[in-house]
Amino acid sequence: MVAGYIRFQLFLELLAYLAIAYWLHWLLGWGYAPLAAACIAAAIFSRLVMVSITTSIGFAHRSPREKHHHIGPRGTVAMVLREWGSVLMNNFFRFPWPALAVRSDPEPARDGRIPIVMVHGYFSNRGYFGPLVTAMEARGVGPVFAPNFVAAFATIEDFVGQLAGEIERITQATGQPHVILVCHSMGGLAARAYICAHGAARVKKLITIASPHNGTIHARFAAGANGKQMMRASEFLAELCRKEGERGPECGVTSIYSPHDNLVAPQDTSRLPWARNIAIPGRGHVDILASDRLASILLKELRECGVEVRD
């Protein structure tokens, strides 16, 4: 569903550029080469503007940072440029054409290996996990499943229902009693809500990446019921914390986050009092999945769960 939305958005954007190009050509006499260059530049640099705005908002609402997490002006520019590149890849390739961005899920096999289920976030799809799936499988990790959750703007509870179905299907097909959940952004909230609703019996470990566990200031701009549920002090988040209690889920939980996240702010909202919290400084919300350090941390977490990781 999200792929269709993104393709339609890109189509409308193309129509807008063509209309502007027509006006510039016939009224101002612009040639075809300058028009093409201008349209491409507009498509590319509009994403830089978006990243710059979200980074500015994230900075304005930042949480206190430890001294060794400071990256300075040069590091901030590098972070924005990396995030911009990742947004371009997602917007023009991974999201609209996920079938090209990541291989199809493997056929479930009863080979004794613990299944890993990737859970994407808000207005996203499985294509986003392409680089991370490739990095894991290059080290012999698997089987890795990356399902699509089709209700783009539904409640997080609707995502929970879909996640429950995927976990049931995968555990039955593989003969394994549980899975490891690796979740990005809102996917971490869906996984926590799943455990509250169904228990942790089928979850060996929960690993969240850049998840707004206590809400984000940016959710006020988000569309859909799930966007509103990610607002700071939302009823959904308050109820989720109440159900989890002071000790949290029975399974192990690791929250990996960036102290400079541009879409999850204040950034310490990703920290959970009963989880292992690991910071990766200098990474944006999208680009964090391209971090070599993230891949290293994730492989270490998986190895601790008994997953075979090739050196």
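The values are calculated or read from the model by the stated rules, or taken from the named source; none is laboratory data. Keep in mind that what you see is a predicted model, and the values were worked out from it rather than measured. All Cβ positions, even for glycine, are placed from backbone atoms using ideal geometry, and neighbour counts span all protein chains on display.
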For the structure I just gave you, tell me whether HIS198 is more than 24 Å from MET50 (Cβ to Cβ), surrounded by fewer than 19 Cβ atoms within 10 Å (Cβ to Cβ) and touching a strand residue (DSSP E or B) at 6+ places or on another chain (Cβ under 6 Å). no
Give the number of residues within region 17-39 that are closer than 30 Å to ALA152 by Cβ and either touching a Cys at 6+ places or on another chain (Cβ under 9 Å) or at pLDDT 95 or above (or both). 3
Any chance you could count how many residues in region 197-221 are assigned to a helix (DSSP H, G or I) and within 19 Å of ALA151 (Cβ to Cβ)? 3
Within region 21-41, can one find any residue that is aromatic (Phe, Trp, Tyr), loosely packed, with under 11 Cβ neighbours inside 10 Å and part of a helix (DSSP H, G or I)? yes
For region 153-198, enumerate the residues that are more than 21 Å from TYR5 (Cβ to Cβ), in contact (Cβ under 8 Å) with a residue 24 or more places away in the chain and among the polar types (S, T, N, Q). THR171, THR174, GLN176
Only one of these is charged (D, E, K, R), under 14 Å from the mean Cα position of the chain (by Cα) and modelled with pLDDT of 95 or more: ARG126, ARG82. Name it. ARG126
Return the only residue of GLU244, GLU308, GLU304, GLU250 being surrounded by 15 or more Cβ atoms within 10 Å (Cβ to Cβ) and either within 24 Å of HIS178 (Cα to Cα) or of a type in the set (Lys, Arg) (or both). GLU244
Does at least one position in region 268-287 carry a residue that is at pLDDT 95 or above, over 15 Å from the mean Cα position of the chain (by Cα) and part of a helix (DSSP H, G or I)? yes
Going residue by residue through region 221-236, is there one that turns out to be buried (at least 24 other Cβ atoms within 10 Å of the Cβ), closer than 24 Å to PRO281 by Cα and of a type outside the set (A, V, I, L, M)? no
A careful count of residues in region 107-147 that are of a type in the set (S, T, N, Q) and buried (at least 17 other Cβ atoms within 10 Å of the Cβ) gives 2
